[in-house]
Amino acid sequence: MPSSLLQYEIKLAKILIDKPAPHVTAASWVVLDCESRQILFGRLEKERREVASLTKIMTFYTALQLADRFQISLKEKVAVSKEAAET
């Protein structure tokens, strides 16, 4: 195992000790820190899979486009209603 990969695995293990991964029912998933480009959490994140729901991808794309258009920081917290979260 290359030393950079080993260092990554050690760093990820330390993160997971401090903050356990959230409960997710998807077969595979990943949470990525876009600034450092490091994976924070994941499950089977390196497995090759079919494309996720195009609706979800377009929703994410649209959110990024709107954030850019209206100069909304991606670090800004946004409140989501319970109804919207359960949709």
Query raised in the report: Which one of the conditions (1) part of a loop (DSSP other than H, G, I, E, B); (2) at pLDDT 85 or above; (3) out of contact with any strand residue (DSSP E or B) (no Cβ under 9 Å at 6 or more places or on another chain) does ALA84 fail to meet, given that it meets all the rest?
Result: (1)
Query raised in the report: Which one is farthest from LYS11 (Cα to Cα) among residues in the stretch 34-61 that are acidic (Asp, Glu) and at pLDDT 85 or above?
Result: GLU47
Report task. Output the residue which, of all residues in the stretch 57-86 that are surrounded by 10 or more Cβ atoms within 10 Å (Cβ to Cβ) and not hydrophobic (A, V, I, L, M, F, W, C), is farthest from TRP29 (Cα to Cα). Result -> ASP68
Query raised in the report: Mind checking which residues of the stretch 58-77 are within 18 Å of CYS34 (Cα to Cα) and part of a loop (DSSP other than H, G, I, E, B)?
Result: GLN71, ILE72, SER73, LEU74, LYS75, GLU76, LYS77
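The values are calculated or read from the model by the stated rules, or taken from the named source; none is laboratory data. Quick caveat: nothing in here was measured; it's all calculated off a predicted structure. Virtual Cβ from ideal backbone geometry, glycine too; neighbours counted across all protein chains shown.
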